[in-house]
1. In region 17-47, what residues are open to solvent by less than 70 Å² (accessible area, probe 1.4 Å) and either among the small types (Gly, Ala, Ser) or within 30 Å of Lys75 (Cα to Cα) (or both)?
2. For Asp4, indicate whether it is not aliphatic (A, V, I, L, M) and not in a helix (DSSP H, G or I).
3. Search region 48-76 for residues being open to solvent by less than 80 Å² (accessible area, probe 1.4 Å) and closer than 26 Å to Asn89 by Cα, and hand back the single one that is modelled with the highest pLDDT.
Amino acid sequence: MFNDIGPLELVTIIVLAVLVFGPDKLPKVIQDVTRTIRKIREFSESAKQDIRSELGPEFKDFEFEDLNPKTFIRKQLDNDDLGLKEIRNGFDLKKEMAEVTDAVHSRDTGASAPGTSGGRVDMTKKPETPGDDDRPPFDADAT
């Protein structure tokens, strides 16, 4: 239930509880909280049983955790009927990336295209220096 609470956070909660409720009332508060949590769990389980009994025997394997989208998708993807495990295992990302890298490097070392110098393309953009009397075009709509 509290899997994401670290030790420092737990110590902070305990210190705050002692400061707020005091050392003499703290055991009674803890008992009340645990009793309330227990009653909520019992109520939730009885509601689940009532829903299962009302749905009928065709939903006897129904789990409420399947209503969570993450759980539902994970359960469907792990299903062997779809054959997704074979696809996932057959795909090797490192191998694919190595093939792409080899293809790119072999193109660079291959024949040079017209307009290139020495098999390399100059990708740097050289700024054009306007002349002294060159003005940018006038746009009447922009003013």
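The values are calculated or read from the model by the stated rules, or taken from the named source; none is laboratory data. Just so it is clear, the structure is predicted and the values come from calculations on it, not from any experiment. In this analysis, Cβ positions are derived from the backbone assuming ideal geometry, glycine residues included, and neighbour counts consider all displayed protein chains. Ligands, DNA and RNA are stripped out before the accessible areas are found, and what is left, the full protein with its side chains, is counted by its heavy atoms. Shrake-Rupley method; radii C 1.70, N 1.55, O 1.52, S 1.80 Å.
1. Going through region 17-47, the residues open to solvent by less than 70 Å² (accessible area, probe 1.4 Å) turn out to be 17-18, 22, 26, 29, 32, 34, 37, 44, 46-47.
Ala17, Gly22, Ile37, Ser44, Ser46, Ala47, listed by residue number.
2. Details: not aliphatic (A, V, I, L, M): yes; not in a helix (DSSP H, G or I): yes.
For Asp4, the condition - not aliphatic (A, V, I, L, M) and not in a helix (DSSP H, G or I) - is met.
3. Among those that are open to solvent by less than 80 Å² (accessible area, probe 1.4 Å) and closer than 26 Å to Asn89 by Cα, it is Thr71.
Every residue, every condition in (1) farther than 19 Å from Glu65 by Cβ; (2) outside any helix (DSSP H, G or I); (3) aromatic (Phe, Trp, Tyr); (4) free of Cβ contacts under 8 Å to residues at least 12 places away in the same chain, yes or no:
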| site | (1), (2), (3), (4) |
| --- | --- |
| Asp24 | yes, yes, no, yes |
| Val29 | yes, no, no, no |
| Lys39 | yes, no, no, yes |
| Ser44 | no, no, no, yes |
| Gln49 | no, no, no, yes |
| Ser53 | no, no, no, yes |
